1. Among the residues of the range 106-165, count how many are touching a Cys at 6+ places or on another chain (Cβ under 7 Å) and open to solvent by less than 10 Å² (accessible area, probe 1.4 Å).
2. Would you mind telling me which numbered condition in (1) away from the ligand (no atom under 16 Å from the Cβ); (2) in a helix (DSSP H, G or I); (3) open to solvent by 60 Å² or more (accessible area, probe 1.4 Å); (4) polar (S, T, N, Q) residue 10 fails?
3. Got at least one residue in the range 204-211 being within 14 Å of the ligand (Cβ to nearest atom), at pLDDT 95 or above, under 17 Å from the mean Cα position of the chain (by Cα) and closer than 30 Å to residue 105 by Cα?
4. Under the condition of being among the acidic types (Asp, Glu) and under 17 Å from residue 129 (Cβ atoms), which residue from the range 63-99 is surrounded by the most Cβ atoms within 10 Å (Cβ to Cβ)?
5. Hey, could you check the range 95-131 for residues that are part of a strand (DSSP E or B) and of a type in the set (Val, Ile, Thr) and say which is nearest to residue 159 (Cα to Cα)?
6. Taking the range 172-218 as the region of interest, how many residues are under 16 Å from residue 37 (Cβ atoms) and either of a type in the set (Asp, Glu) or open to solvent by less than 20 Å² (accessible area, probe 1.4 Å) (or both)?
7. Answer with yes or no whether residue 49 is part of a helix (DSSP H, G or I) and open to solvent by less than 80 Å² (accessible area, probe 1.4 Å).
Amino acid sequence: MHINISPSKTEVAKSFSDYLEEQIKKNKTTHIALSGGSTPKVVFDYMAEHYKDVDWSTVHLYWGDERCVPPTDSESNYKMTVEHLLSKITIPKDNIHRVHGEDLPELEAERYSKVLEEELPIVNNIPQFDLVILGMGDDGHTASIFPHEIELWDSKNTCEVAVHPDSGQRRITITGKLINNAKIVAFLVTGSSKAEKVRTIITKEEGHDNYPASLVVPTSGDLIWFLDEEAAAQIN
Ligand code: 6PG
């Protein structure tokens, strides 16, 4: 595990964007699972502005989780990505594999798991992402696996339907077997509200395994936390 601490959210975006660019340049094709949340938004803005010469035609984009809403809804992770990245770069339409949040969740979870099986290389009998980008909620959730449904992590399926604990909003999420089979997993976590969970999870305090984010242990060993100083305040 590597921990990369930057002074601010913008610096996290810069440092992660540099890392991402390196990965994209290194691979012939790069399959990336994106996440929702506020930190990726800043990363997307940064990349759209500063990384004009990235060859996006070699990149395939997927979502680690999506809210069950139409792609035009302000809650849609896909919509956020279009606004902050996709509308500003040149990438073939066929390289964008969105979750159909507007469809019946159970059927969509099944359909999306088939998309992943068809598009990604199969390694250890499981589709393999080159990079999974994750956020972490204040409650220790990651992707859309929340503490009250932590059992979804161990699902035999690669995609499941989850429910947000407060709003009841349904979500499609990828599960533990897919996340831990990725070549690289990167957490993007910023802000002081994350500091306590970051400490509990990274230092493996008692009870850490009640938080889905602590179950992220890629078999490749390649796990990187990109943190700002606020989120890292209790591990320094
Ligand atoms: C989502 C997410 C979710 C997010 C965390 C952190 O769609 O809501 O993918 O898992 O990454 O809630 O979000 P912030 O970066 O906004 O704290």
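The values are calculated or read from the model by the stated rules, or taken from the named source; none is laboratory data. This is a predicted model, so every value here is computed, not measured. As a convention, Cβ positions derive from the backbone with ideal geometry for all residues, glycine included, and neighbour counts pool all protein chains shown. We work out accessible area using only protein heavy atoms, side chains counted, and drop any ligands, DNA or RNA first. Shrake-Rupley method; radii C 1.70, N 1.55, O 1.52, S 1.80 Å.
1. Qualifying residue count, the range 106-165: 2.
2. (1)
3. Yes, there is a match, as at least one residue in the range 204-211 is within 14 Å of the ligand (Cβ to nearest atom), at pLDDT 95 or above, under 17 Å from the mean Cα position of the chain (by Cα) and closer than 30 Å to residue 105 by Cα.
4. 66
5. Top of the filtered list is 126.
6. Selection size over the range 172-218: 15.
7. Judged against the criteria, residue 49 is not a match.
Matching residues to (1) farther than 23 Å from residue 181 by Cα; (2) away from the ligand (no atom under 16 Å from the Cβ):
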| residue | (1), (2) |
| --- | --- |
| 5 | yes, yes |
| 16 | no, no |
| 51 | yes, yes |
| 88 | yes, yes |
| 105 | yes, no |
